[in-house]
Structure formats: C-alpha cells, structure tokens
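Remarks on the structure that follows.
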Amino acid sequence: MITLQDVKKNEEVEALIKGAQEQLKELGYTEHSHRHISIVSKRAGEILTKLKYPEREVELAKIAGYLHDIGNCVNRVDHAHSGAILAYNILKDMGMPVEERTQIMMAIGNHDENTGTAISDISAAIILADKSDVHRDRVVNSNLSTFDIHDRVNYAVTNADLNLDVENRKIILDLKIDTKICPVLDYFEIFMDRTMMSKYAAKYLNIWFELIINDTKLL
C-alpha cells in the first residue's frame, strides 16, 4: 500500500511543491510549502486518529493533506481542482488502488472555501487542518511596511493550536493574536468564509467547532 513516506519520496511531488511555492511567492501569497503541507497532513491524521477512524483512512488523510496544495503550481485560481487531478494521476502511476486515489482526489478538490465543502470524512479533516494554519511563520514578505491585510493577520497570530476534545465532541481553534499588529476584527474580515467552512466540516464529523481568540470564545 502507498504510504505518506512513499509520496514524500516521489520526485514529481517534490517538484510540484517547490514550483507552487515559487509561483505563490512571486504573487505575494503566504507560505504554502513544506511547513504548511506538513502541518495539514499531521493535523488531518490526528483528527481522524482521535476519532477512532481506521488506520488506512488516517493514512489517506495524511497523504491528501500533503498533496492538497500542489495545484498552486498550475495557477492559484482553481488550485484545488487542478491539484486534485494532478494528485490522482501521480498516485495512479505509483500504483494506488482507484478507490483510494478517488477519495484523495475528492478531498483535495473540495478543500478551497470558494468552491468546496466537506463531502467525506477525509475532506472534512483536511478542511479543519488547512484552515487552522494561521501563523506568522507563513508570512513570506519581510517588509512590514508593505504588509497587506493577509500578511498582517497571519503575522499577528503568534500561536494557533487545534485541539480535539473527544469526550465533549468538539474541536477548538485557539489563537493568540497580537492586537498591536492588527485588531481581532481583521481576522474575521478575511477568514469568515474559512471559519464557516471549518464549522460545517466539524459538523460533518459529528463534532462542534469552537473558535477562541486571546482566551475569549467567539464561536
């Protein structure tokens, strides 16, 4: 069976990850490379593991998380769709069964808030993992004076923990935001769609999504 480690060793995957980051850097986007995809892969796997999903489904979620942004190498627009097709063909060449690569394709194709939604357990885990990665380490621009609102909000987040409370069936995104850099309201201005997508994804997994910012529960 194809594993996450197999995918990480794939030269085509590595080239697409590097190419995607190069393109997004030129366009002024935040980091979508190894740091981000590794966090998404790890968090998606942890969510399904703690919810007692089968080991193989956990592994597929990790693979989907690692591959979810390779479509940025084609274009930022519709990157979820192009990435889903790229991932499907790469995994096909690697020998993954059609049922498994279809699940991964569906999850990747539905992870963007503009066009997607939770349509499977794997896709729900990917959405929660992806949308929770807000942090200053993602800011590529080193010139604070030229920050746009996305740079400011991400840079203002000094800590972002995603915690799953299995007993109480809720998942909590706990953020620490430096309000000297940007007000909390700015977070909702650019991330409201992502927040609502996360809420629905949690509901798909039969858990509740909570958002805490600076120790105050906001959702």
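Numbers at a glance
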read-out: Listed residue pairs exceeding 29 Å between alpha carbons, taken from Lys50/Lys176; Lys18/Lys42; Lys62/Lys203; Lys8/Lys180; value: Lys8/Lys180
read-out: Built amide H within the under 5 Å cut-off of Trp208, gap 5+; value: Lys170, Ile171
read-out: Ranked packing of 12-24, 207-219, most packed first, by mean Cβ within 10 Å; value: 12-24, 207-219
read-out: Within segment 4-217: Cβ-based charge dipole about Cα centre, in debye rounded to nearest 20 (Lys, Arg +1; Asp, Glu -1); value: 340
read-out: Counting DSSP beta bridges with both ends in the chain, the antiparallel % (nearest 5); value: 60
read-out: Contact order normalised by residue count of the chain, Cα under 8 Å, 6+ apart, percent; value: 17
read-out: Protection proxy ranking, peptides 84-96, 188-200, average beta carbon neighbours within 10 Å, highest first; value: 84-96, 188-200
read-out: Separation of alpha-carbon centers, segment 22-46 and segment 159-204, rounded to whole Å; value: 18
read-out: Range of Cα positions in segment 112-203 per principal axis (Å), largest first; value: 42, 30, 21
read-out: GNM top mover of Lys170, Lys62, Lys131 - the chain, alpha-carbon springs below 10 Å; value: Lys170
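Bear in mind that the values in this text are calculations on the coordinates, not laboratory data. Just so it is clear, the model here is predicted, and its values are computed rather than measured. Heads up, the Cβs are rebuilt from the backbone with ideal geometry, glycines too, and the neighbour counts pull from every protein chain shown.
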